[in-house]
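Notes for the one structure printed next.
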Amino acid sequence: GNQLTTKTKADLLHLKSTEEALDWLIKDCAQQLFALTDLKENAEYPLISL
């Protein structure tokens, strides 16, 4: 019975860290997307942002 509890705790910890990693990834991607959008809007010459 104890082995199951340990596995469950490990699974929950793994899920939590995965969720945090995904959360960070999403925020990072969003920031990059906003940065790209800003570059395109602020660029005098559109070719530079390609």
- Message: Taking the alpha-carbon distance from residue 9 and a cut-off under 19 Å, which aspartates and glutamates remain once sequence neighbours fewer than 8 residues away in the same chain are dropped?
- Response: 19, 20
- Cα-based reach from residue 7 at 21 Å (exclusive), listing lysines while leaving out same-chain residues under 8 positions away: 16
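Only the coordinates and a few stated rules stand behind these numbers; no lab work does. Computed from a prediction, not measured in an experiment: that's the story for all the values here.
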